[in-house]
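Worksheet for the structure shown next.
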Amino acid sequence: MSRLPFYLIVGLLMALGIGTSLHRHIQMEVPWTPGEQRQIWEVEAIVDFTALGDPVRVDLALPSHQRGYRILTENTASPGYGLSFLQDDSGRRAQWSIRSATGSQQLYYSVRLQVTDDRRQQQILQPPLRDVSWERPYDTAASQVIESAWMRSADPYTFARQLIRDFSEDRQGENARLLLTQFERTPLLVRLLNQAGVHAREVNGLLLEDGRRRQAATSWIMVFEDEQNWALFDPRTADQGQPENLLLWETGGRAVLEVQGGTNSRVTFSMLSRNQPAAAAVRSQLADDTLLNFSIHSLPLEEQALFQTILLIPIGALVVVFLRILVGIKTSGTFMPVLIALAFIQTTLLTGLIGFLLIVSVGLVIRNYLSYLNLLLVARVSAVILTVIAIISIFSVLSYRFGLNAGLTITFFPMIILAWTIERMSILWEEEGPKEVLIQGGGSLITAVLAYLAMNNPLIRHITFNFLGVQLIIMALILLVGNYTGYRLLELRRFKPVTED
Amino acid sequence: MWALPGQLSRRGIIGMNRRNIRYIGRYNNRRLYPLVDDKLKTKLLAEEYGITTPALIGTVSTQFGVKALGGMVAGHSGFVIKPAKGSGGKGILVIERVDGDGFYKPSGARLGLEDLVRHVSNILSGLYSLGGTPDVAMVEGLINFDEALSEYTYEGVPDIRVIVFRGYPVMAMMRLSTAASDGKANLHQGAVGVGLDIATGTAVRGVQFDRSRRDHPDTGHELASLRIPEWTSLLQLAAGCYEMTGLGYLGTDMVIDRDRGPMLLELNARPGLAIQMANGEGLRPRLDLVEKQSDRLGVSERVAFSQRHFARLGVLKDLPEPELAQPCPSK
């Protein structure tokens, strides 16, 4: 009988578990520990314009996931306006519309962004070259500027740098000044680049600085080296590269804001930086999960809370597997300690322990009397269930009267499991004596406490909830331990006398 | 206080995990478990295979039938009530003496008929059975155990556990009930275990509560002189249970009746490991040796093999070669 398939399955589970966990950590930026802080930017765009009483359509470019930033949530405020989000080749846009509006209008869009370590460049398609035609005398000026920069450059990036530098304040020549009288700087530069056969487009970005208000978007030039590779240039200084704090807002070559049916339109931005625990950041990620990013976070909050508990049960099972197979602790009912540990999570450890001992000991006394009544098994266990409920109710009411609110959490104990525990311990007492009851009861309690400590650990809670792949790793571990043929820890003690002679 | 794993494995001790995976999991087909988990089935099967068992007085299988209990036990001076699917000796009630309305346990405690009825009723509702499933109560005749053994035990019947692996008896011990074990022959309840030499049926050493013992704690009788009568036929009876059940790793519990000789009491598909303590020796080397043997041999050949190879040092140097042509006992 070959064990190869077994080890293949275990290896596969391990690899899958580790793989999906790493994927979630790297791709989705889910941190390993719950305490890690993540920087969050809150950016608000305010669109101002004066409506003329006609139908109004407002088209605002929106940022998307990009290098260094991940969008967590976005909100809009626009009373009376219809709103739709559009997505096309040129990027995401929000479109507000209203049949009729007059006077000053304000529309709000706010987005929460998480700062990420993602350093890969965004995929942006190279725009086609545009035909450029100039009126006299600008055509001569343009070709002279291009020629001068062309001579001093070797490739699209160096050409763009030379060209921009020729338009900077201190080096402006006659031709440059002439062109600037007629054209705006950034569109002009894009035009010249296009004329020289260099693919380029104007993009708009926002320099993020904490606490700034009423900021305007700045324009940048995106120069393409080939189909995929591009670099950003500052049209004012000719600096190449994207500053760390630059959030690209519009990269499709369109205007940031387009308003029909209004005048004096403008968009301003305010921004705020905050640090928040990584776990909270994970929770507020957009639910754009694919199957691979399969996450509990796409469920409604109530179901999430339920799953948080459900996903901890395998941890409890793992503790039981370890304690029973590797240590050899006896428990009363294989997984009863896990259920008790789940109750401890609700009650806290001390209250839980006291509550458990109270219920079981009072239950044992009453069960002892029930055994004189000579009842059939099912009826007796049912009677014990009722007894347990009565004990729980009495203790709850008593502790509330005495002002001990912690006592109320006693209701979280699984009553039917407790009833069976009492029944089993009572039989154990009759047949094997109180010593065995203490061994098994103590073993169950130790197991429950250890399972509780594991399941209540913030790190373990964070990891089981955020990395579903961990469940596969637990599965692999349980399978491996299930294959263990060595001695249990307590057997080293049990068989000790054999080695003595 | 603690042994090193190396010390134990050098002595061939096997642990629970190894027993479960390597022997029970591999050699005991789950499908066959009901044959041994249900003592009634074992008993009927044993009769079919000509293996002696204690006499069956009757069975109770419905709560309604409990009323017939009084009539059933009438006229018997002693009997045993046990659940057919009980495990670890749970729910076994021994009545040693009947005196009018009183039924006396070996400890001298007196029970009334209503106590017996309650006990049977508990058995039927599954209180002692594995998984709490409804059960059948069996009433068996009391065993008249050999007087030669009476001074080694307190109250209950001493039984002999033989581990039979692939049909070969590999290790044996006698379990002597004590006051601590309440007349029950279960080691974890305080019975004394005495390791037996497979070759001769003589005592090797004794343990109680996993600790070494030289004498019986209640009778004070020293254990070294213990010698089981009719040893070879007992081993053959035990070895025959392999053919009967098909289970490769089997614990057979035998008793010796004064009149009827060795008898099969019950079988266990998950025999415990305390037998290693009683023998002061691990099972591993013996199981390894048996795994290398052919499984074509008949019962008496296997017993002869075991008696020759598993003899304790110095005991059996001049044992004659077993006659290999011995016929198997008829079914």
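Bear in mind these aren't lab numbers, they're just calculated from the coordinates by the rules spelled out. On a predicted model such as this, the values are computed, not experimentally measured, just so you know. All Cβ positions, even for glycine, are placed from backbone atoms using ideal geometry, and neighbour counts span all protein chains on display.
For B:Lys67, the aspartates and glutamates whose Cα comes closer than 19 Å to its Cα, not counting residues fewer than 8 places off in the same chain, are B:Asp101, B:Glu114, B:Asp115, B:Asp135, B:Glu140. Other protein chain C-beta atoms within 10 Å of residue C-beta, averaged over B:7-17: 6.
Here A:Glu250, B:Glu96, A:Glu209, A:Glu258 are placed in order of increasing Cβ neighbour count within 10 Å, fewest first, which gives A:Glu209, A:Glu258, B:Glu96, A:Glu250.
Ordered by the count of other Cβ atoms within 10 Å of each Cβ, fewest first, A:Ile354, A:Ile340 give A:Ile354, A:Ile340. Report note on the peptides A:39-50, A:71-82: ranked by the mean count of other C-beta atoms within 10 Å, highest first, their order is A:39-50, A:71-82. Between A:Leu16 and A:Asn405, the modelled label-to-label distance comes to 4.5 nm, taking each label 7 Å out from Cα in the direction of the beta carbon. Residues A:Tyr487, A:Tyr7, A:Tyr157, arranged from fewest to most other Cβ atoms within 10 angstrom of their Cβ, appear as A:Tyr7, A:Tyr157, A:Tyr487. Could you work out how far the C-alpha centroid of region A:70-120 sits from that of region B:226-251, in angstrom? A separation of 85 Å, based on Cα centres.
Angle of helix A:377-401 to the longest C-alpha principal axis of chain A, folded into 0 to 90 degrees and rounded to 10: 60°. For chain B, a Kirkwood radius taken over Cα pairs fed into Stokes-Einstein (25 °C, viscosity 0.890 mPa s) yields D = 120 µm²/s.
Rg over Rh for the protein assembly as shown works out to 1.23, both radii taken from alpha-carbon positions and Rh defined as the Kirkwood radius.
With each run of n ≥ 4 DSSP H residues scored as -39500 (n - 2.57), what mean residue ellipticity at 222 nm is computed for chain A after dividing by its residue count and rounding to the nearest 500 deg cm²/dmol?
-14500 deg cm²/dmol
With Cα atoms defining each centre, region B:130-204 and region A:421-463 are spaced 31 Å apart in the structure. Each part reduced to its alpha carbon centroid, region A:374-405 and region A:154-219 end up 80 Å apart. With both labels modelled 7 Å from their Cα along Cα-to-Cβ, the B:Ala311 to A:Lys435 distance reads 3.9 nm. For chain B, complete DSSP H runs whose alpha carbons reach 20 Å or more along their own long axis and whose mean Kyte-Doolittle score is -0.5 or higher are B:231-245. Calculated FRET efficiency, A:Arg152 to A:Thr268, Cβ-Cβ distance, R0 = 41 Å: about 0.60 to the nearest 0.05.
On a 0 to 90 degree scale, rounded to 10, what angle separates helix A:434-456 from the longest Cα axis of chain A? That helix lies at roughly 10 degrees to the long axis.
Taking B:Pro158, B:Pro217, B:Pro83 as the candidate residues, the one with maximal mean-square fluctuation in a Gaussian network model of chain B, Cα springs under 10 Å, is B:Pro217.
So which of A:Lys330/A:Lys435; B:Lys41/B:Lys292; A:Lys435/B:Lys82; B:Lys43/B:Lys90 end up more than 20 Å apart, counting from Cα to Cα?
Result: B:Lys41/B:Lys292; A:Lys435/B:Lys82 exceed 20 Å.
Counting, for every residue in A:480-487, the Cβ atoms of other protein chains within 10 Å of its Cβ and taking the mean gives 5. To the nearest ten degrees, helix A:336-347 and the longest principal axis of the Cα atoms of chain A are 60 degrees apart. Of the candidates B:Ala274, B:Ala239, B:Ala137, which one comes out as most mobile in a Gaussian network treatment of chain B with C-alpha springs shorter than 10 Å? Comparing B:Ala274, B:Ala239, B:Ala137 in a Gaussian network model of chain B, the most mobile one is B:Ala274.
Across peptide A:425-436, the mean count of Cβ atoms from other chains lying within 10 Å of each residue's own Cβ comes to 3. For chain B, the 222 nm mean residue ellipticity estimated from helices alone, with every DSSP H stretch of n ≥ 4 adding -39500 (n - 2.57) and the total spread over all residues, rounds to -6500 deg cm²/dmol. Stretching the chain fully between A:Asp170 and A:Val481 yields a gain of 104.5 nm (0.36 nm per residue, less the alpha carbon separation). Computed from the C-beta positions of B:Met72 and B:Tyr33, the FRET efficiency with R₀ = 30 Å rounds to 0.55. For the pair A:Glu135 and B:Glu47, label points projected 7 Å from Cα toward Cβ lie 12.1 nm apart.
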